[in-house]
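Single-structure report; data block below.
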Ligand SMILES: Nc1ncnc2c1ncn2[C@@H]1O[C@H](COP(=O)(O)OP(=O)(O)O)[C@@H](O)[C@H]1O
Ligand SMILES: [Mg+2]
């Protein structure tokens, strides 16, 4: 009697187990499919841009002639000669502009963002912190065109007046400085929000450990909390720089579309890879159209390399061995 | 001065809840005092009064006096920072900072403004030696403290406290997250440390209290039931409740 009952039990058990295993593998398959789907979209986009962007270098562009890749990468003038007749395009100076602007923007938004994050996470009273957190999240979700409008309505005027104070005639305020300010404003919320989360998630035990050693709150915040949150802070910098490199709309409204460069003076007009792609995209054809996809390839490569470098540094910094 | 700490009529509330009830206790210099009692009886709360870490809990209010070297540490304008350098603390879970071993130990002295490299090195090495950790880490001072084992991390935390040249070291169940061998090493270390420091240790294990302490205080529901020489507590307790606890009838 007993043994029969046992047998029954074990059969039910194996059936249950089988059912679970089937559900498990179905779910796993589902995950796999969605992953492949989203990954293949990204790859599809990259392939599409690459195919379009490679045309100016491999065809004779309807008789105008091949674009030389070295000139393209190193030149200091966007287009030498007349549009639709010349193949002398280059983005060398624009690459420098783009990196320069993103770097300056981050130089402003990183310290402000991290300090704000520290304030929200550790210093501000609960209610104020809650309020600021909501504001930051709100700012992070504002579309870039709004920042662009603010930039052209307010920042351009400010920069124009500032330049005038230095006796410099700026082009209506369109400048490196205006672009940097707009991008700094745009990246600030993201950097603040992500840094804040990583600062807040630093263990209470570490904080108490520091205070118990006779460190002040300020010493604790700067020497222990920030160091403990550095990998999250670094992640915020990576996202920030991604946004600074990739932003097109807002930048186009304040950069001034310089056709040659690089523009290093802060009141000079400038241009970035994105603003160059965007400018006149709808009104042009032929080589002048295709070349914008080539700029797109360059942008993707620049972003990729920057990310690789930053990730490499992050791993180095995240590793305590450095210091 | 025989008693480095004197606790007088200490009452402590978390909001309405009274966690410590009229505690009176004198802590002897260069002795190990063990605090025992079932969990939730207020041992950690009591310990945190001694270096004013309870200040950080908003809902906590404290009445009574605690004298450290004959000065009330709860009097207005008392230098809390200085107190915490003199009354160090080791926590239940090892909590090294995510920095190098060297920087962990140098952290406290640096916060006190010591910058000179040579001097910091001396402090770090002698502290690590005092914490019986130096031999194990001398070749990897620049490595992350998080790469150490749990027992090593706890000894690092002890070294970190020693680097401040404290007089008292508070330990809140310092071995509860460690394996028996690491626990033994810490106990040996405590025996060594009591020559120089006054140690107050919260422990869950009565064997541990019996092994390492000179005096033992038994807490129950926020009250100090009995405080005496450790051998007296464990052989001839005066209170019925103490006897019930150490014989394992509850808790
Ligand atoms: N921060 C706090 N807020 C409110 N109540 C607390 C807090 N810390 C401890 N308590 C309460 O005080 C009592 C004593 O706690 P604790 O000192 O941690 O006990 P033990 O260390 O002996 O286990 C417990 O009832 C606990 O719930
Ligand atoms: Mg406790």
Between helix B:101-111 and chain B: long-axis angle, C-alpha atoms, 0 to 90°, nearest 10: 70
Neighbour-count ranking [beta-carbon atoms within 10 angstrom, fewest first] of A:119, B:17: B:17, A:119
Residue order, fewest to most beta carbons within 10 Å, for B:119, A:200: B:119, A:200
Separation of the residue A:66 and residue A:27 label points, Cα + 7 Å toward Cβ, nm: 5.5
Cα gyration tensor of the range A:49-135 - equivalent ellipsoid semi-axes, whole Å, descending: 49, 14, 10
Debye log10 I(q)/I(0) for the protein assembly as shown, one point scatterer per Cα, at q = 0.06, 0.08, 0.10 Å⁻¹: -0.51, -0.77, -0.95
Rounded to 5, percent antiparallel among DSSP beta bridges of the protein assembly as shown: 60
Partner chain coverage, peptide B:137-145 - average Cβ within 10 angstrom: 1
Value of Rg/Rh across the range A:83-230 [Cα atoms, Kirkwood radius]: 1.13
Cα long-axis angle, helix A:2-58 against chain A (0 to 90 degrees, to the nearest 10): 10
Most fluctuating residue given options B:172, B:139, B:231, as computed from a GNM of chain B linking Cα atoms under 10 Å: B:139
For the protein assembly as shown, calculated [θ]222 nm from helices alone, where every DSSP H run of n ≥ 4 adds -39500 (n - 2.57): -17500 deg cm²/dmol
Among beta bridges that DSSP assigns inside the range B:115-251, antiparallel share in %, nearest 5: 55
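Taking the Kirkwood radius as the inverse of the mean 1/r across Cα pairs, report the Rg/Rh of the range A:128-184.
That ratio equals 1.14.
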Ranked list, fewest to most other Cβ atoms within 10 Å of each Cβ, for A:300, B:99: A:300, B:99
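Please compute the average number of Cβ atoms from other chains found within 10 Å of each residue's Cβ in peptide B:88-100.
Across the residues of B:88-100, the mean count of other-chain Cβ atoms within 10 Å is 5.
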For residues of B:45-53, the mean tally of beta carbons on other chains within 10 Å: 1
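With viscosity set to 1.002 mPa s at 20 °C, what whole-number translational diffusion coefficient in µm²/s follows for chain B from Stokes-Einstein and a Kirkwood radius over Cα pairs?
Value of D from the Cα-based Kirkwood radius: 115 µm²/s.
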Distance histogram in 10 Å bins (all Cα pairs of chain A, percent per bin): 5, 19, 23, 21, 14, 8, 5, 2, 1, 0, 0
Nearest-ten-degree value, helix B:180-193 long axis tilted from longest Cα axis of chain B: 90
Mean Cβ count within 10 Å, highest first, over the residues of peptides A:29-36, B:66-73: B:66-73, A:29-36
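A short reminder: the numbers here are calculations on the coordinates, not readings from a lab. Values in this document were obtained by computation on a predicted structure and should not be read as measured data. Cβ: placed from backbone, ideal geometry, glycine included. Neighbour counts: every protein chain shown.
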